[in-house]
Structures are given as C-alpha cells and as structure tokens.
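Worksheet: one structure, shown below.
Nothing in this text is a laboratory measurement; each read-out follows from the coordinates by a stated rule. Keep in mind the model is a prediction, meaning the values are calculated, not measured. Cβ sites come from the backbone with ideal geometry, for glycine too, and all protein chains shown count toward neighbours.
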Ligand code: ADP
Ligand code: ZN
C-alpha cells in the first residue's frame with residue numbers, strides 16, 4: 001500500500017516536473033498506476049486524448065526501458081525528438097536506420113542508458129531482438145495502434161498477430177495496448193490476439209468535445225464557401241482539406257494559393273519525394289493548408305491542425321470520424337467542416353452499384369453510406385448522433401455543433417415530395433435531376449418538347465420552389481432511399497419501394513435549405529480565441545517566430561519545442577520570472593532550463609514597449 005502511494009506520488013511529480021502538466025486527464029492516473037503496479041491494461045481513448053503519457057510515465061517510474069511498439073515508422077523520429085526535448089533518454093529502432101545506428105542503440109540498451117525505445121513490430125519479432133530484450137531490464141511493453149491486430153480492419157498488420165509472444169516470453173512485464181478506433185468486435189480481437197484476458201479495460205469513449213461539427217449544402221460554389229470559411233475563421237492556421245480526386249486536389253491547391261493562402265497538394269500521384277517534402281512542410285511550418293485525397297493522414301499527429309474540411313462526402317461515418325479526428329489533437333477548439341451536395345450523393349451511390357464486390361459486402365457499404373447521408377440530414381445534435389453510431393451515449397445535445405448552435409428549420413415536404421416522385425413516374429424513370437426540375441418548374445426547352453414532357457401532368461406544377469430548392473429536395477429523397485440513381489451511370493432517377501407510402505399520403509418532414517451564412521461568424525468556441533489587444537497579437541507572433549527559429553536550428557517541428565497552447569498561455573499570463581514560467585502548462589524542468597530565459601526576455605521586452 002505505502003508502495004502504491006509512493007508510486008502515485010512519483011508519477012505525479014514526473015507529470016509536473018518532466019512534462020509540465022498540472023493534472024492527469026480523464027483516466028490517465030488510473031492507467032499509469034495500473035502499469036506502475038505491474039498490471040496489464042487495454043486503453044481505448046480518442047485521438048488527442050493523451051494516450052502517450054499512459055506508457056511514458058510508467059516507463060520513467062519503473063526500472064528499465066519502456067518498449068513502445070508502433071507500426072508508424074514515419075512518426076518515430078518526431079516522437080523521440082519530443083521526448084529528448086523533455087530531457088528523456090529515448091531512441092528508436094526501425095528500417096530507416098543504418099547498421100551502425102542500430103548497433104549504437106543496441107549498445108545503449110545493453111548499458112541500460114535508455115528510458116524508452118520505439119520499435120517497429122517486424123524488428124521486435126526478430127529472434128536477435130527478442131534475445132536482446134531478455135538480457136536487459138524492460139519496464140513495460142506498450143502496443144500502440146493495437147487495432148492493427150484486426151484482420152477485418154483497414155490497418156491490419158500481420159506482424160501484430162505475433163505480438164502474443166510477448167506474453168509468453170515475458171510473463172512478468174506489464175503490457176498496455178492502446179487504440180483510438182475499436183468497436184466491440186475489434187476490442188475482442190485485441191484481447192484474444194494479444195492475450196490480454198487479464199488486462200483491465202479503460203474506455204474513455206469516442207467524444208472529441210473540442211471539435212465543432214458542421215455540415216452545409218454545397219451551393220454550387222464550394223471553393224468560395226471554403227475560402228470564406230478559412231478567411232473568416234482560420235486565417236493563418238493549419239488545416240486539411242479533403243477532396244475526392246487528384247485533379248480536384250491540384251486545382252484547389254493552386255486556386256487557394258492564387259487567393260493568397262499557403263496551400264499544398266498531396267495525393268498518390270505526386271512522387272515520393274514531393275509527398276515527403278509537403279508533409280514535412282505541413283509539420284514544420286506554421287499555417288499550412290494541406291489539400292489532399294484521403295491518401296494523406298494516417299500517422300499525422302500534428303497537434304495544432306485547426307480545421308479539417310471535406311469538399312466531398314466520406315463514404316462512411318467511420319471514415320468521417322477518423323478524418324475529422326485529425327483536427328484539434330491538442331484539445332484546443334477546432335472545426336470539422338463539410339460541404340455536400342446532390343452530385344456527391346449521386347456519385348457515391350453509383351460507385352457502389354457499379355462495384356464488383358460481393359452482394360454481402362455491397363449491402364454493408366450501402367448501409368454505411370445511408371448512415372452517413374442520414375447524419376448529414378439530421379436536425380438534432382450531430383455529436384449525439386455520431387457517438388451513438390459508435391455505441392456511445394451523450395445525455396444532452398452538445399452545444400458545439402451546427403445543429404445545436406443554429407437549429408435547422410424543418411418543413412412539411414409531403415406535397416412537394418409527391419410532386420417530385422410522380423414527376424419521376426410520369427416521365428418514365430429515365431431522366432436525371434436537372435431535367436426533372438425543368439419539368440416541374442415548367443421550363444421551355446428543346447428536350448422537353450422533344451419528349452413531349454410539356455404535356456405530362458406534372459409539367460409546371462412546382463413553381464412554388466426554385467431550382468436550388470428542388471435539387472435539395474431530390475437530394476434528400478435520394479439520401480433517404482426513396483429514389484435511386486440508375487446503374488448504367490447516366491444519372492436517371494428511379495422510384496424505390498420506399499416511395500410508395502409518401503405517394504399514398506404519409507407525411508414527410510424535411511430539413512429546410514439554409515441560407516449561406518454571410519460575413520464573419522463571431523469567434524467563439526469553434527475557433528481558438530482571438531487575443532484581446534494588438535500588443536498580445538504582436539507578442540504571439542514574436543513567440544511563434546522565435547519558436548520557429550529554434551525548431552529550424554534543431555531540425556524538429558515547432559510543436560516539439562512548445563505547443564501553441566503553451567505559447568498562448570505565455571501571451572496571456574506574461575511570466576517574467578523562471579518560477580512563473582515554470583507554472584505554464586507544457587513547460588517542464590528541461591524546457592525551462594533550455595528556453596525559459598529567452599522566452600522571458602521576449603515577453604518582458606514586449607511588455608515594456610507595449
Ligand atoms: P493521443 O496519442 O491519444 O492522440 P497524445 O498522447 O498525443 O494523444 O496527447 C495529445 C496532446 O495532449 C499532447 O499534445 C499531449 O502533450 C497533451 N496532453 C496529454 N496529457 C495531458 C495532460 N494530462 N495535461 C495536459 N496536456 C496533456
Ligand atoms: Zn450538438
């Protein structure tokens with residue numbers, strides 16, 4: 001017991017001294033204690049929840065080296081740099097090292113000089129590595145991205161399955177498995193494959209409260225809407241914009257640059273070297289906007305991505321959650337902003353119908369797309385809906401999504417829907433949305449005359465709505481599965497069985513088309529708070545410049561030196577002594593010693609002159 005109290009005191013001291021944090025977050029304390037006491041843990045925590053501390057602190061508390069297994073080789077360098085900045089002896093072993101560098105790390109291990117070692121699973125499984133580990137003292141094994149053991153998931157890694165060997169060969173060394181993406185089935189697979197039957201489960205849920213979700217209709221000029229959003233709410237901030245095609249990525253990136261923003265393209269067609277450079281610049285420079293296909297993102301753990309924008313619909317809520325999750329890892333306010341329109345719905349539905357996959361797979365995919373579309377159209381809290389999709393429960397509406405902040409209006413769309421549906425029927429289920437809308441609105445066109453559609457009973461019966469409103473309605477009818485888009489790919493709209501009740505008079509309530517917001521929204525919870533005075537802004541810029549200088553000198557990303565949130569706290573509380581500087585969140589002993597005086601000097605000079 002006394003031992004446990006001592007451990008817990010030591011963990012807290014390390015939290016403050018080394019990391020510069022005052023308190024543990026959510027379940028971190030319990031998880032840390034569990035490992036310090038030599039027991040296993042399975043940790044489900046959302047991105048940005050603070051998983052790393054859960055194994056980093058026990059690695060420091062316990063004797064020996066903490067072994068961290070991760071499939072994300074590209075991240076290891078940054079992770080090790082981050083730890084070294086804190087004065088921790090850390091290293092990594094993966095295929096990017098030369099033979100000589102590997103030997104150096106092995107010697108350090110033998111001499112007991114390392115506190116943490118990041119290692120790729122294939123390297124760990126080599127017989128000589130396992131032999132080495134049995135000769136030295138190991139504090140714990142941390143298995144990061146543990147969902148990679150799942151054969152059914154997207155990130156399956158065969159070497160992960162062999163990790164059960166750790167339990168057999170090192171039964172007395174505590175293990176912790178961590179992931180941000182585990183539904184019930186995956187969770188079970190992790191437990192079985194890694195022999196974690198005796199591990200305590202720590203489940204922090206899926207919520208990312210600092211992310212503000214909003215979805216609007218694509219009113220036909222998506223890039224202007226995007227530009228306005230970035231200029232009004234995220235000027236000079238880092239963000240990711242996802243598009244479906246490479247062509248769109250290239251065009252949009254250059255258009256944004258043309259508009260004076262700092263945007264870079266990223267997709268599979270760019271050469272390896274160029275992709276690497278763009279990724280590096282995104283990590284190392286301030287305020288870069290990455291315009292990308294979904295090829296970009298896995299293993300990006302830049303903490304200060306302030307927005308993720310989607311100009312196309314992701315194909316499932318899982319994808320949406322994962323992609324938007326790259327925003328706001330630092331816990332500061334961030335936006336998940338999406339536009340979607342009729343064309344998205346048509347393209348995705350067609351892609352699915354044309355897919356060569358098995359019927360069973362197609363049905364699953366269709367179900368997932370319908371959930372995604374339903375999510376776009378809901379009139380209640382988005383966060384509640386998103387979490388409930390993942391089996392989480394949120395008691396009250398969140399107050400930080402578009403439907404909470406600006407509740408959408410609904411309208412009785414029964415009559416309009418009946419008109420639309422019967423127009424599809426009367427014209428023989430052979431025409432696309434544009435033509436159907438023309439018929440409803442009584443347009444005069446060559447096509448209409450050619451097919452004799454000015455004579456059908458639904459001609460010109462829909463003048464109460466404008467073109468955009470009709471398109472909006474058709475999109476909703478397709479989203480809800482009342483209408484479908486034909487398989488041949490010409491975009492002809494067909495009636496589904498589900499349309500029958502509406503035609504028979506069942507009422508239909510739909511979400512009203514929103515007027516695009518004009519001007520700048522006031523800066524509140526959705527974006528990081530603006531500073532109160534020009535002096536504060538100037539100081540913020542000075543601190544960021546100096547941080548960039550330091551980062552460049554050392555060849556690390558700026559967030560490895562200090563996070564934005566740490567600089568922000570400096571601007572607001574203006575520490576002028578080492579003691580008060582040491583109180584700032586994110587300033588541990590080592591960073592205080594290295595950088596404290598210089599940052600104080602910048603702060604006090606600015607104070608004097610401002
Ligand atoms: P995850 O791996 O779960 O995505 P990280 O471990 O990278 O998350 O942590 C996310 C961010 O939160 C990091 O910048 C980290 O420094 C910060 N953080 C973690 N725990 C705490 C804490 N107890 N107090 C303050 N900041 C924390
Ligand atoms: Zn909400």
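Descriptive notes on the structure:
- Orientation-averaged projected area, Cα convex hull of the range 534-609 (nm²): 4.4 nm²
- The range 211-405: equivalent-ellipsoid semi-axes (sqrt of 5 x gyration tensor eigenvalues, Cα, Å): 26, 21, 16
- Of interest is the spacing of the C-alpha centroids, which for the range 46-94 and the range 235-287 amounts to 29 Å.
- For the chain, the antiparallel share of DSSP beta bridges with both residues in that region comes to about 10%.
- Angle of helix 597-609 to the longest C-alpha principal axis of the chain, folded into 0 to 90 degrees and rounded to 10: 60°.
- Exposure proxy order (Cβ contacts within 10 Å, fewest to most) of 576, 59: 576, 59
- Cα centroid separation - the range 397-423 against the range 1-35, whole Å: 49 Å
- Residue-averaged 222 nm ellipticity for the chain, from DSSP H runs of 4+ at -39500 (n - 2.57), nearest 500: -13000 deg cm²/dmol
- Separation of the range 311-329 and the range 353-386, taken as the distance between their Cα centroids, equals 14 angstrom.
- Degrees between helix 222-233 axis and first principal axis of the chain (Cα, 0 to 90, nearest 10): 40 degrees
- Debye equation applied to the C-alpha atoms of the chain, log10 I(q)/I(0) at 0.12 Å⁻¹: -1.28
- Dividing the Cα radius of gyration of the range 410-511 by 2.2 N^0.38 Å, with N the residue count, gives 0.99.
- Each residue in 191, 572 was given a count of other beta-carbon atoms within 10 angstrom of its own, and listing them fewest first yields 572, 191.
- Helix 534-554 axis, angle to the chain major axis (alpha carbon atoms, nearest 10°): 60 degrees
- Stokes-Einstein D in µm²/s, Kirkwood radius over Cα pairs - the range 2-203 at 4 °C with 1.567 mPa s viscosity: 76 µm²/s
- Sorted fewest first by neighbouring Cβ atoms within 10 angstrom, 156, 559 come out as 156, 559.
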